[in-house]
Amino acid sequence: MARIVVQEADFDAGAEIARLNVAGVGGIGSFIGTVRDDGGLKALHLEHYAGMTERAIAKIVAEAESRWPLLGCTVIHRAGRLMPGENIVFVAAASAHRDAALSATAFLIDWLKTSAPFWKREEFVSGASEWVAAREADEAAVKAWDRA
Amino acid sequence: MRILYFAWLREKIGKSEEELALPPEVETAGALVEWLKALGPGYEAAFARPKLVRCAVDQDFAAPDAVIAGATEIAFFPPVTGG
């Protein structure tokens, strides 16, 4: 039921959302993460653990499916070298009602940030390059779901 | 055993993967880290701050006390930063 894709190519968010609009669906939540252009960034490199990545995402999706009555779910994560403004990740969840669709979408992106084996390296216009450090706020966002 | 390295661990060690024969006393992921540190300065630098190193045993996240006997693939990497 869930569609999980890791690819270098971009995705068509409209087509992905349309694909989730099947019989019984009354709401589709979606999130798109993009490469933030905060000045000085030339490109973002996304490395991942091929083999483990899709397996890790499937576990996150299974957890979402156990928490909410989903009728469909899509996670697309890009890898490779991405330019400012480009799409990085797409998450969408479909359900009969909006609460489940919106909550599952937020849950999926929060968990992806802390439990899918991806690493970002920033390449700056200055020529410098640096691995992005994990954010405590991302860990806190995931912990908040324990209480939800 | 197949050992994989990602992100800055890969850069510090200078390779993305290698096949290593481990001595029998290396029974856990944490013990493997200590054993790898002795292999050279690149390894020592990569594992200098254990709190910044995460591990997966056969493609599942694992804690330092995870038993690695019988595993085919162990990976070491920094905390993840995807999404």
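Looking only at region B:35-50, which residues are basic (K, R) and either more than 13 Å from the chain's Cα centre (by Cα) or farther than 24 Å from A:A137 by Cα (or both)? Step through it out loud before you land on a result.
Just the residues of region B:35-50 that are basic (K, R), to begin with: B:37, B:49.
The answer is B:K37, and nothing else.
Residues of region A:22-44 being in a strand (DSSP E or B), more than 22 Å from B:P78 (Cβ to Cβ) and of a type in the set (G, A, S), which ones?
The initial filter retains those residues of region A:22-44 that are in a strand (DSSP E or B), namely A:27-34, A:41-44.
Next cut, more than 22 Å from B:P78 (Cβ to Cβ) only: A:27-32, A:34.
Across region A:22-44, the qualifying residues are A:G27, A:G29, A:S30.
Looking at this structure, is A:I60 under 25 Å from B:V53 (Cα atoms), touching a helix residue (DSSP H, G or I) at 6+ places or on another chain (Cβ under 7 Å) and not in a loop (DSSP other than H, G, I, E, B)? Break it down into steps so the answer makes sense when it comes.
Numbers: under 25 Å from B:V53 (Cα atoms): yes; touching a helix residue (DSSP H, G or I) at 6+ places or on another chain (Cβ under 7 Å): yes; not in a loop (DSSP other than H, G, I, E, B): yes.
Judged against the criteria, A:I60 is a match.
I'm told B:R2 meets every condition in (1) over 30 Å from A:V91 (Cβ atoms); (2) touching a Gly at 6+ places or on another chain (Cβ under 8 Å) except one. Can you identify the failing condition by its number?
Condition (2) is where B:R2 drops out.
When you check A:A43 against the structure, is it away from every other protein chain (no Cβ under 12 Å), crowded, with 19+ Cβ neighbours inside 10 Å and at negative phi, yes or no? Can you show your working first?
Values: away from every other protein chain (no Cβ under 12 Å): yes; crowded, with 19+ Cβ neighbours inside 10 Å: no; at negative phi: yes.
Against the criterion (away from every other protein chain (no Cβ under 12 Å), crowded, with 19+ Cβ neighbours inside 10 Å and at negative phi), A:A43 does not qualify.
Looking at A:E139, A:E47, A:E54, which one is out of contact with any Leu (no Cβ under 6 Å at 6 or more places or on another chain), closer than 18 Å to A:A9 by Cβ and assigned to a helix (DSSP H, G or I)? Can you show your working first?
Working: A:E139 fails: closer than 18 Å to A:A9 by Cβ; A:E47 fails: assigned to a helix (DSSP H, G or I).
Of A:E139, A:E47, A:E54, the one residue that is out of contact with any Leu (no Cβ under 6 Å at 6 or more places or on another chain), closer than 18 Å to A:A9 by Cβ and assigned to a helix (DSSP H, G or I) is A:E54.
Does A:L102 satisfy being in contact (Cβ under 8 Å) with a residue 60 or more places away in the chain and surrounded by 15 or more Cβ atoms within 10 Å (Cβ to Cβ)? Reasoning before the result, please.
Working: in contact (Cβ under 8 Å) with a residue 60 or more places away in the chain: yes; surrounded by 15 or more Cβ atoms within 10 Å (Cβ to Cβ): yes.
In short, yes.
If you take just the strands (runs of 3 or more DSSP E) that sit entirely in chain B, which of them hold at least 2 residues that are in contact (Cβ under 8 Å) with a residue 24 or more places away in the chain and within 14 Å of chain A (Cβ to nearest Cβ)? Explain how you work it out, then say what you get.
Details: elements: B:2-5, B:17-19, B:54-57, B:60-62, B:73-77.
The qualifying strands (runs of 3 or more DSSP E) are B:2-5, B:54-57, B:73-77.
Look at region A:117-136 and say how many of its residues are under 17 Å from A:P84 (Cα atoms) and not in a strand (DSSP E or B).
Residues of region A:117-136 under 17 Å from A:P84 (Cα atoms): A:119-132.
In the following step, the residues that additionally are not in a strand (DSSP E or B) were identified as A:125-128, A:132.
The number of residues fulfilling the criteria is 5.
Got at least one residue in region B:58-67 being over 13 Å from the mean Cα position of the chain (by Cα) and polar (S, T, N, Q)?
No, that holds for no residue.
Residue by residue, here is whether (1) within 16 Å of A:T53 (Cβ to Cβ); (2) at pLDDT 95 or above holds:
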position: B:E27; (1), (2): no, yes
position: B:A31; (1), (2): no, yes
position: B:Y43; (1), (2): no, yes
position: B:D58; (1), (2): yes, yes
position: B:A66; (1), (2): no, yes
position: B:G70; (1), (2): no, no
position: B:I74; (1), (2): no, yes
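Considering only residues that are touching a Ser or Thr at 6+ places or on another chain (Cβ under 9 Å), outside any strand (DSSP E or B) and within 14 Å of chain B (Cβ to nearest Cβ), which ones fall in region A:72-113?
A:A79, A:T105, A:K113
Hey, could you check region A:16-35 for residues that are small (G, A, S) and over 12 Å from A:F90 (Cα atoms) and say which is surrounded by the fewest Cβ atoms within 10 Å (Cβ to Cβ)?
If we filter region A:16-35 for residues that are small (G, A, S), which is where we start, we get A:18, A:23-24, A:26-27, A:29-30, A:33.
Among the residues that remain, those that are also over 12 Å from A:F90 (Cα atoms) are: A:18, A:23-24, A:26-27.
Numbers: A:A18: 10, A:A23: 5, A:G24: 10, A:G26: 13, A:G27: 16.
It comes out as A:A23.
If we scan region A:84-94, do we find a residue that is exposed (fewer than 13 other Cβ atoms within 10 Å of the Cβ) and of a type outside the set (G, A, S)?
Filtering region A:84-94 down to residues exposed (fewer than 13 other Cβ atoms within 10 Å of the Cβ) leaves A:85.
So of that shortlist, the ones also of a type outside the set (G, A, S) come out as none.
So far as region A:84-94 goes, no, none of its residues is exposed (fewer than 13 other Cβ atoms within 10 Å of the Cβ) and of a type outside the set (G, A, S).
Of these, A:R3, A:R19, which one is over 15 Å from A:L108 (Cβ atoms), charged (D, E, K, R) and not in a loop (DSSP other than H, G, I, E, B)?
On the way: A:R3 fails: over 15 Å from A:L108 (Cβ atoms).
When all the criteria are applied, what remains is A:R19.
Residue check: is A:A128 more than 10 Å from chain B (Cβ to nearest Cβ), within 20 Å of A:H45 (Cα to Cα) and of a type in the set (G, A, S)?
Numbers: more than 10 Å from chain B (Cβ to nearest Cβ): yes; within 20 Å of A:H45 (Cα to Cα): yes; of a type in the set (G, A, S): yes.
Yes, satisfied.
The values are calculated or read from the model by the stated rules, or taken from the named source; none is laboratory data. Just so we're clear, the structure is a prediction, and the values are computed from it rather than from any experiment. When we count neighbours, we look across all protein chains shown, and the Cβ atoms used for this are built from the backbone with ideal geometry, even at glycine.
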